[in-house]
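What follows is a short report on a single structure.
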Amino acid sequence: MKRFMLLVFLFTITKISIGQYSILTKSEAKAGNAFTVVEEPSIYKDRVALNKIAQANIQIVYEDPGEWILEHTDALDEAVNIWSHLLKDNTQIVINVKWSDSLSGATLAETKTYLRNNFANAPKNNFHYAKAFAKQKDAGLNDGSKDMRITFNKAKRDSNLFSFDLDGIPIKDKYDFVTLALHEMAHGLGFTSSMTKSSSNGDFGELGIPTNTAQKYPKIYDEYLKHDNNYLINIARPSYELGQQLTSNNVYYDGTKTKKVNNNSAPKIYAPSAWKSGSSIGHFDETAFPEGDPNSLLTPFLSAAEVIRNPGYLVLGVLEDIGWNVERQITTISPKPGEEIMRGSSYTIKCMIILM
Ligand SMILES: [Zn+2]
């Protein structure tokens with residue numbers, strides 16, 4: 001008798017069809033162990049089966065090469081490889097990295113994102129874009145200089161508080177370095193805000209680079225920040241009103257692409273009642289996206305034993321809103337890893353494809 005295998009593909013297509021110095025964004029250590037894993041995106045994990053190759057060209061420059069042993073560079077490369085499979089643009093992105101013992105106690109890492117405004121082919125003028133993105137539009141900016149600088153906490157490394165594990169296994173009392181690097185790289189790609197608060201006043205904008213240096217421009221990420229029905233960039237700056245909204249615990253990211261992959265709902269932004277420089281507004285809300293949540297990479301805190309190897313569809317939505325071309329994510333729901341399928345039996349393969 002002739003046997004054949006019946007494969008039923010059920011595509012669960014989410015309906016969503018589916019001063020001015022650049023502010024440094026930082027990641028802080030959170031007490032306790034999470035023991036959670038968010039796996040790599042299929043497009044990377046199953047890259048051989050899917051016949052996917054890296055499209056983005058990301059180069060790492062070690063400012064202190066003597067400080068980096070193979071274990072560290074392998075972990076950094078893992079983060080680079082994941083991003084390289086998710087970004088479709090292929091201009092070289094240059095990431096400078098270094099270890100520093102001058103970061104404050106809880107800080108695991110911080111990132112400086114280099115900016116450009118009003119460049120050739122800019123999607124919108126009078127906004128700052130990450131230089132990493134601006135180069136994709138204006139080849140004249142592709143001069144080999146760094147697009148972001150990530151500084152990692154050397155004291156934490158020397159206290160053996162990082163795990164450089166590549167297999168995605170949460171390790172007690174250790175912060176996952178690949179997760180941290182993935183997070184910081186997202187800031188350097190443009191997941192970064194210019195909103196600030198000092199005393200009671202909120203403000204935004206950074207001075208023009210390299211021209212119009214007396215004029216302040218918001219970052220393109222800022223365009224979609226919304227409180228109730230108001231976009232924050234439409235509020236007078238500096239102002240008490242803006243200051244109140246920045247610490248209202250009620251700010252959402254209203255980008256079209258982001259909402260499209262989130263059932264038309266704007267995800268919550270971290271806007272705690274006490275302003276936290278480097279953390280407030282430039283991250284997703286910690287409580288709304290707790291440990292283990294598929295969109296928890298870009299929250300401001302990282303727990304020990306919290307492994308996140310996937311930026312998540314909301315971060316990719318934000319990057320699309322600010323202009324990047326990203327790969328669609330394919331998530332296999334069943335079969336689960338290691339699940340055996342009998343030859344000759346019928347089986348339903350469930351995938352989720354996020355259509356942008
Ligand atoms: Zn961050």
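The values are calculated or read from the model by the stated rules, or taken from the named source; none is laboratory data. Here the structure is a predicted model, which is why all the values come from computation and not from measurement. A quick note on method: Cβ atoms are made from the backbone with ideal geometry, for glycine too, and the neighbour counts reach across all protein chains shown. Side chains are part of the model used for accessible areas, which takes the heavy atoms of the whole protein and leaves out ligands, DNA and RNA. Shrake-Rupley method; radii C 1.70, N 1.55, O 1.52, S 1.80 Å.
Given +1 at the Cβ of Lys and Arg, -1 at the Cβ of Asp and Glu and no other charges, the dipole of the chain around its Cα centre is 1000 debye to the nearest 20. The spacing between the range 38-79 and the range 259-316, judged by their C-alpha centroids, is 22 Å.
Taking the centroid of alpha carbons for each part, the range 157-229 and the range 133-155 are 14 Å apart. Atom-type composition of the exposed protein surface of the range 7-353 places 48 percent of the accessible area on carbon and sulfur (1.4 angstrom probe). Using every pair of distinct Cα positions in the range 110-254, the Kirkwood expression returns a hydrodynamic radius of 17.2 angstrom. Once you divide the Cα radius of gyration of the range 215-298 by 2.2 N^0.38 Å, the number left is 1.08. Counting only heavy atoms of the protein chains and using a 1.4 Å probe, Ser102 has close to 100 Å² of accessible surface.
For the chain, the solvent-accessible area with a 1.4 angstrom probe is 44 square angstrom per residue. Of the residues Asp143, Asp285, the one with the largest accessible area comes first in the ranking Asp143, Asp285, computed with a 1.4 Å probe on protein heavy atoms.
Largest first, the extents of the alpha carbon coordinates of the range 201-250 on the three principal axes equal 34, 20, 14 Å. Projection of the Cα convex hull of the chain, averaged over all directions and equal to a quarter of that hull's surface, yields 19.3 nm².
The heavy atoms of Ser280 offer some 10 square angstrom of accessible surface to a 1.4 angstrom probe.
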